[in-house]
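Here's the structure, in structure tokens; my notes come after.
The values are calculated or read from the model by the stated rules, or taken from the named source; none is laboratory data. All values derive from a computational prediction rather than experimental measurement. Glycine gets a Cβ as well: all are built from the backbone with ideal geometry, and neighbour counts include every protein chain shown.
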């Protein structure tokens, strides 16, 4: 969780001033400068870069810090941060110290405390491409947050103060601060003081509300309270911290079977490519990383040659470097998991999802970024050296042959028939296993248990060989654990842990549990440790043992029997919003009025030109069907399900996206209800068979963004109204500001074509255009 991204320059471990005028000139090219209550602020275009930034310092003493509030980690922020790092020699770090970047050339001078606290290590960068590369990260839709309108002292600033959480009934609003104490100094704390001043002004305009600041680290809250006040605050606020000397657990690493599958597929492609092109064998061993490093050295030389052809100060990005970072990063991660001991999964950074490997000792590694650093920086950031250090610092205590935690995705894949066993023996009663019902749902535990009962009867009769029984316990135990993880709201709550690694970290654990086969791998969380393999083993031994659903019910919220988060009745009962009904009527009237007088030249001004890069993509048909939609299309509301990340920032190209729309009049005053359906669909993206069976054909389309679904009906488990999802091409010239800034919008549709088109912005009422640009339609 990141609330702030900071830019600071350091010398000999202490903050050092940056030339104020140089910094201001850079920032002015990226946003609007203004004066807040106490310090200079910069405001960015709605929906990009950050919610705003505060500059600490002045011309006389120089600039000491820039703090970006709620950074977007998008292309505009990347360009801005890289320009500052290049011109000013400053470091970039988030308040949680999940990432720290320093310029490759020149002494970074970082405080030792920051370097030590950065769990992922300090990254030296020599290219904008190394800063949160979006090709290596998956962007998620922005989360709607509560806010309070107020009169901002900065006339160029937003007149809305955003919060992270809100209890409308209690009139309580909360700002989450993951700030680590090591990230606190006089300048960064002053950034927080400016935030407090804005919150105080917002509460002044809305006195019925009460603000809370929830700190993840107690020491940070104390440093904030002890920092210099900028002025009196007119309203009280409540500071919440974990308690003296404590830190609150934050959402962290979540192992993920789809990430595991994707990583292994990409590493297989790299192995095949390297063998075919270079006749080099990458065999998955630790020594193969040295071979990989040699290939990356050659790529670095190619990268330097490529870059030398570009004009100076151009933010050069190499597609070759990106391609290799993806595949070689997956190979490096797979070797880490198998040879050092680790698991594939993801971590969240803002609205970005990062594919990572977590070692069994708890370190989160970014193998793709390590490969990219080697290609850009050269041998000074060699993956071979980094891997060798990791093999010493993070080697699992578990023998490689006993490391079941790293093999969990393969174990339950074997149960489901998605992976093969080393021999042909398979599982006991393999043909009777109801694989089609094993969808990782709570309900799937009942058919699994019925099958285990059949195996128990054969095992009691002595008809199941011990090796096959052990294989079944491993595979079914892995599946049971995944059901627990898949149905827990916070995917990072549970971690698979090897017995030997737990004992090394907590020696007393050996006195609580024996080193028996049923306990070699288990699920661990902050509050509980639970043993899925032992539960399966007990059920195979004793018919009176606890049922799988009873076992899971104790560990899952609502006992595992909760209904779907969105029920059909929710959409039926959604309150109408007359303003939305009126806006749709205004657009329809504007379109009809235009059609009555439109000339061929008028139509021509509305057309978008086919740039040709889509090739044979079915979405290119929109350029041929524009006239039909403009001449005879019907206007209805649609909502965004997902879109290419490039659409959320300025750019030259129209981009693919996926929307939900309906011809049902029910939604004419309820576009937000359509958006609620879209949110529910997107929530299941990447969950594969974890998603409810009626939604799996849609989640498959969401996961494979090259698929072009057309008029797929949304199952009635979400709404009884007819809602369809369709791929479409978001044409920039039809959107206000040429950027996707809204979660719902008007579209043109016609029964003679499957193409859909955003109704051109020329037909939108001004109120709708303003809401779009102001970020009010999210």
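Is segment 754-768 home to any residue that is assigned to a loop (DSSP other than H, G, I, E, B) and under 27 Å from the mean Cα position of the chain (by Cα)? First the steps, then the outcome.
Step one: filter segment 754-768 for residues assigned to a loop (DSSP other than H, G, I, E, B), giving 759-760, 764-765.
Still in the list and also under 27 Å from the mean Cα position of the chain (by Cα): none.
Checked segment 754-768: no residue is assigned to a loop (DSSP other than H, G, I, E, B) and under 27 Å from the mean Cα position of the chain (by Cα).
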Filter result for residue 333 (touching a strand residue (DSSP E or B) at 6+ places or on another chain (Cβ under 7 Å), closer than 20 Å to residue 269 by Cβ, in contact (Cβ under 8 Å) with a residue 40 or more places away in the chain and buried (at least 24 other Cβ atoms within 10 Å of the Cβ)) = yes
Report yes if some residue within segment 556-566 is within 19 Å of residue 480 (Cα to Cα), outside any helix (DSSP H, G or I) and at pLDDT 80 or above; otherwise report no.
-> yes
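Does any residue of segment 87-94 turn out to be assigned to a loop (DSSP other than H, G, I, E, B), surrounded by fewer than 23 Cβ atoms within 10 Å (Cβ to Cβ) and modelled with pLDDT of 90 or more?
Step one: of segment 87-94, the residues assigned to a loop (DSSP other than H, G, I, E, B) are 89-90.
Going one step further and asking which of them are surrounded by fewer than 23 Cβ atoms within 10 Å (Cβ to Cβ), we end up with 89.
From the residues that got through so far, the ones that are modelled with pLDDT of 90 or more too are 89.
Yes - at least one qualifying residue is present in segment 87-94.
For segment 1-79, list the strands (runs of 3 or more DSSP E) that sit wholly inside it and hold at least 2 residues that are in contact with a helix residue (DSSP H, G or I) (Cβ under 7 Å, 6 or more places away or on another chain) and crowded, with 23+ Cβ neighbours inside 10 Å; which are they? Give the derivation first.
Numbers: elements: 4-11, 14-16, 32-35, 40-43, 52-58, 62-69.
Strands (runs of 3 or more DSSP E) meeting the threshold: 4-11, 52-58, 62-69.
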The lone exception for residue 443 - which of (1) within 34 Å of the chain's Cα centre (by Cα); (2) not in a helix (DSSP H, G or I) it fails | (2)
Conditions (1) farther than 26 Å from residue 592 by Cβ; (2) assigned to a loop (DSSP other than H, G, I, E, B) -> residue 663 fails only (1)
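Across segment 637-652, which residue is surrounded by the most Cβ atoms within 10 Å (Cβ to Cβ) among those that are assigned to a loop (DSSP other than H, G, I, E, B) and touching a helix residue (DSSP H, G or I) at 6+ places or on another chain (Cβ under 7 Å)?
As a first pass, look at segment 637-652 and keep what is assigned to a loop (DSSP other than H, G, I, E, B): 644, 649-652.
The next check asks that each one be touching a helix residue (DSSP H, G or I) at 6+ places or on another chain (Cβ under 7 Å); those that pass are 649-650.
Working: 649: 21, 650: 14.
Once the filter is applied, the top-ranked residue is 649.
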Report yes if residue 666 is at pLDDT 85 or above and either surrounded by fewer than 20 Cβ atoms within 10 Å (Cβ to Cβ) or closer than 29 Å to residue 48 by Cα (or both), otherwise no.
-> yes
Residue check, residue 380 against (1) within 26 Å of the chain's Cα centre (by Cα); (2) closer than 27 Å to residue 275 by Cα; (3) in the same structural domain as residue 271 (by TED's automatic domain parsing), all met but one. Which one?
-> (1)
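Do the conditions hold for residue 198, that is, is it more than 17 Å from residue 8 (Cα to Cα), part of a helix (DSSP H, G or I) and touching a strand residue (DSSP E or B) at 6+ places or on another chain (Cβ under 9 Å)? Let's see the steps before the verdict.
Working: more than 17 Å from residue 8 (Cα to Cα): yes; part of a helix (DSSP H, G or I): yes; touching a strand residue (DSSP E or B) at 6+ places or on another chain (Cβ under 9 Å): yes.
Yes; evaluated as a whole, the condition is true for this residue.
Would you mention how many residues in segment 224-257 are buried (at least 19 other Cβ atoms within 10 Å of the Cβ) and touching a residue at least 40 places away in the same chain (Cβ under 8 Å)?
Within segment 224-257, the subset buried (at least 19 other Cβ atoms within 10 Å of the Cβ) is 224, 241, 252-257.
Now restrict to residues that are touching a residue at least 40 places away in the same chain (Cβ under 8 Å): 224, 252-257.
Looking only at that region, the number is 7.
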When residue 716 is evaluated against the numbered criteria (1) in contact with a strand residue (DSSP E or B) (Cβ under 7 Å, 6 or more places away or on another chain); (2) surrounded by fewer than 17 Cβ atoms within 10 Å (Cβ to Cβ), which criterion, by number, is the only one it fails?
-> (1)
Checking residue 348 against (1) within 20 Å of residue 137 (Cα to Cα); (2) surrounded by fewer than 19 Cβ atoms within 10 Å (Cβ to Cβ), which test does it fail?
-> (2)
Is it the case that residue 335 is modelled with pLDDT of 95 or more, closer than 26 Å to residue 297 by Cβ and not in a helix (DSSP H, G or I)?
-> no
Helices (runs of 4 or more DSSP H) completely within segment 346-428 that count 1 or more residues being modelled with pLDDT of 90 or more and more than 22 Å from residue 522 (Cβ to Cβ) = 367-377, 383-393
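Have a look at 743, 691, 683, 727 and point out the one that is out of contact with any helix residue (DSSP H, G or I) (no Cβ under 7 Å at 6 or more places or on another chain), at pLDDT below 90 and assigned by TED's automatic domain parsing to the domain that holds residue 621.
Numbers: 743 fails: out of contact with any helix residue (DSSP H, G or I) (no Cβ under 7 Å at 6 or more places or on another chain); 691 fails: out of contact with any helix residue (DSSP H, G or I) (no Cβ under 7 Å at 6 or more places or on another chain); 727 fails: out of contact with any helix residue (DSSP H, G or I) (no Cβ under 7 Å at 6 or more places or on another chain).
Selected residue: 683, the only one of 743, 691, 683, 727 that is out of contact with any helix residue (DSSP H, G or I) (no Cβ under 7 Å at 6 or more places or on another chain), at pLDDT below 90 and assigned by TED's automatic domain parsing to the domain that holds residue 621.
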Would you be able to say whether some residue in segment 544-561 is at positive phi, under 34 Å from the mean Cα position of the chain (by Cα), surrounded by 15 or more Cβ atoms within 10 Å (Cβ to Cβ) and in contact (Cβ under 8 Å) with a residue 24 or more places away in the chain?
-> yes
Filtered residues of segment 385-398 (kept if within 20 Å of residue 125 (Cβ to Cβ) and more than 28 Å from the chain's Cα centre (by Cα)) | 385, 389
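So if I check each of 275, 264, which one is in a helix (DSSP H, G or I), in contact with a helix residue (DSSP H, G or I) (Cβ under 8 Å, 6 or more places away or on another chain), surrounded by fewer than 21 Cβ atoms within 10 Å (Cβ to Cβ) and modelled with pLDDT of 90 or more? Before you say what the answer is, go through the steps one by one.
Details: 275 fails: in contact with a helix residue (DSSP H, G or I) (Cβ under 8 Å, 6 or more places away or on another chain).
Matching residue, one of 275, 264: 264.
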Test set (1) assigned to a strand (DSSP E or B); (2) surrounded by fewer than 20 Cβ atoms within 10 Å (Cβ to Cβ); (3) modelled with pLDDT of 90 or more; (4) assigned by TED's automatic domain parsing to the domain that holds residue 27 - residue 166 fails condition number | (3)
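Here's the yes/no breakdown for (1) under 30 Å from residue 324 (Cβ atoms); (2) in contact with a strand residue (DSSP E or B) (Cβ under 8 Å, 6 or more places away or on another chain):
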| position | (1), (2) |
| --- | --- |
| 117 | no, no |
| 123 | yes, yes |
| 138 | yes, yes |
| 145 | no, yes |
| 151 | no, no |
| 159 | no, yes |
| 180 | no, yes |
| 186 | no, yes |
If you take the residues of segment 491-504 that are part of a helix (DSSP H, G or I) and touching a residue at least 60 places away in the same chain (Cβ under 8 Å), which of them is nearest to residue 481 (Cα to Cα)?
-> 499
